[in-house]
1. Just to be sure I understand, how many residues within region 110-132 are part of a loop (DSSP other than H, G, I, E, B) and either in contact (Cβ under 8 Å) with a residue 60 or more places away in the chain or farther than 11 Å from Ile149 by Cα (or both)?
2. So Arg193 clears everything in (1) under 28 Å from Tyr157 (Cβ atoms); (2) among the charged types (D, E, K, R); (3) surrounded by fewer than 13 Cβ atoms within 10 Å (Cβ to Cβ) except one condition, right? Which one?
3. Applying the selection to region 148-182, what residues are in a loop (DSSP other than H, G, I, E, B) and β-branched (Val, Ile, Thr)?
4. Here is a check on your reading of the model: is Val236 free of Cβ contacts under 8 Å to residues at least 24 places away in the same chain and either exposed (fewer than 12 other Cβ atoms within 10 Å of the Cβ) or touching a strand residue (DSSP E or B) at 6+ places or on another chain (Cβ under 9 Å) (or both)?
5. Within region 23-42, which residues are touching a helix residue (DSSP H, G or I) at 6+ places or on another chain (Cβ under 6 Å), under 29 Å from Phe109 (Cα atoms) and of a type outside the set (Ser, Thr, Tyr)?
6. Say we look at region 128-153 and pick out the residues that are of a type in the set (A, V, I, L, M, F, W, C) and more than 25 Å from Arg163 (Cα to Cα); which of these is surrounded by the fewest Cβ atoms within 10 Å (Cβ to Cβ)?
7. Can you tell me which residue within region 1-47, out of those that are basic (Lys, Arg) and surrounded by 12 or more Cβ atoms within 10 Å (Cβ to Cβ), is modelled with the lowest pLDDT?
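The values are calculated or read from the model by the stated rules, or taken from the named source; none is laboratory data. Just so you know, these numbers come straight off a predicted model, no measurement behind them. A quick note on method: Cβ atoms are made from the backbone with ideal geometry, for glycine too, and the neighbour counts reach across all protein chains shown.
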Amino acid sequence: MYVIPYGIKVIMAILIFVIGKMVVKAITKVLIKVMKKAKTDDILIDFISGIIGSLLMLFVIIAAIGQLGVDTTSLVALIGAAGLAIGLSLQSSLQNFASGVMLIVFRPFTSGDFVEVAGIAGIVEKITIFSTQLRTPDNKEMIVPNGKIYGDVITNYSAKPTRRVDMVFGIGYGDDIKKAKEVLESILEEDERILKDPAYVVAVSELADSSVNFVVRPWVNAADYWNVFFDTHEKVKLRFDAENISIPFPQMDIHLDKVES
């Protein structure tokens, strides 16, 4: 007597599950297409579609179980309590996840950029939901949690096409300032990697304890930064030596007074 009504409920529950699964699949496909048209990051597309698909399937399962006559109120409460417990136990992971989403959405850097994050400088190799993989200049692989990155200062050295190379060179107080300035300017003029616009700066910046300091600030393409930095230091030393311009080093003169007994 009860077999037929219960059988109908089972069939309806199966239909709800099958049709619901098809609807969820169709919704996630449409969602993926919309996000791809909006040029959303592939990592974010996979994650969002996976989360939404799982949530929709959870509703479908609850609806199918409810069709069988099971009280779903307590089931929903149990799922909510379990979700809260899991959320509290994975608090740091959720922070990394939220930060990962923000990094992917706002794009302060992309793969291939040279950045400094959480006190670590390196080339970005991979950005995932929970962490970012960097390769340091000495070829070490560093995995940095996204929570540490997004909650701190992010310096992206690759964000702009050009960079200014800041250098300081000192000469002795007995040396010719104008001659030293001309030598520094000629070194910059001879280097084809140094940009004409913006113009470089060569100026006396400080009368230090044992030297007269020049700031030398040329602009270069970002890819030429370190080569220009290293080459300029070498050229300055060689040219100063050739022009008899001294490069002083810290020293102290001690005067002793002889006390007659």
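1. First, pick out the residues of region 110-132 that are part of a loop (DSSP other than H, G, I, E, B): 110-113, 118-119, 128-130.
Cutting the leftovers down to either in contact (Cβ under 8 Å) with a residue 60 or more places away in the chain or farther than 11 Å from Ile149 by Cα (or both) gives us 110-113, 128-129.
Residues that pass the stated criteria total 6.
2. If we test Arg193 against (1) under 28 Å from Tyr157 (Cβ atoms); (2) among the charged types (D, E, K, R); (3) surrounded by fewer than 13 Cβ atoms within 10 Å (Cβ to Cβ), just (3) comes out false.
3. Initial filter on region 148-182 (in a loop (DSSP other than H, G, I, E, B)): 151-153, 157-161, 165-166, 172-176.
If the condition is that a residue be in a loop (DSSP other than H, G, I, E, B) and β-branched (Val, Ile, Thr), then Val153, Val165 are the ones that fit.
4. Values: free of Cβ contacts under 8 Å to residues at least 24 places away in the same chain: no; either exposed (fewer than 12 other Cβ atoms within 10 Å of the Cβ) or touching a strand residue (DSSP E or B) at 6+ places or on another chain (Cβ under 9 Å) (or both): yes.
For Val236, the condition - free of Cβ contacts under 8 Å to residues at least 24 places away in the same chain and either exposed (fewer than 12 other Cβ atoms within 10 Å of the Cβ) or touching a strand residue (DSSP E or B) at 6+ places or on another chain (Cβ under 9 Å) (or both) - is not met.
5. Of all residues in region 23-42, those touching a helix residue (DSSP H, G or I) at 6+ places or on another chain (Cβ under 6 Å) come to 24, 28, 31-32, 35, 41.
Filter once more, so that each one left must be under 29 Å from Phe109 (Cα atoms): 28, 31-32, 35, 41.
Across region 23-42, the qualifying residues are Leu31, Ile32, Met35, Asp41.
6. Kept after step one, since they are of a type in the set (A, V, I, L, M, F, W, C), are these residues of region 128-153: 129-130, 134, 142-144, 149, 153.
Retained after the next criterion (residues that are more than 25 Å from Arg163 (Cα to Cα)): 129-130, 142-144.
Numbers: Ile129: 18, Phe130: 16, Met142: 16, Ile143: 11, Val144: 19.
Across region 128-153, the extreme among qualifying residues is Ile143.
7. If we filter region 1-47 for residues that are basic (Lys, Arg), which is where we start, we get 9, 21, 25, 29, 33, 36-37, 39.
Pick out the ones that are also surrounded by 12 or more Cβ atoms within 10 Å (Cβ to Cβ) and you get 9, 21, 25, 29.
Working: Lys9: 73, Lys21: 88, Lys25: 90, Lys29: 90.
Among those residues, the one meeting the criterion is Lys9.
Table: residues versus (1) more than 26 Å from Val236 (Cα to Cα); (2) outside the structural domain of Asn227 (by TED's automatic domain parsing); (3) not hydrophobic (A, V, I, L, M, F, W, C).
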site	(1), (2), (3)
Ile143	yes, yes, no
Asp152	yes, yes, yes
Asp166	no, no, yes
Ile177	no, no, no
Ala180	no, no, no
Ile194	no, no, no
Asp209	no, no, yes
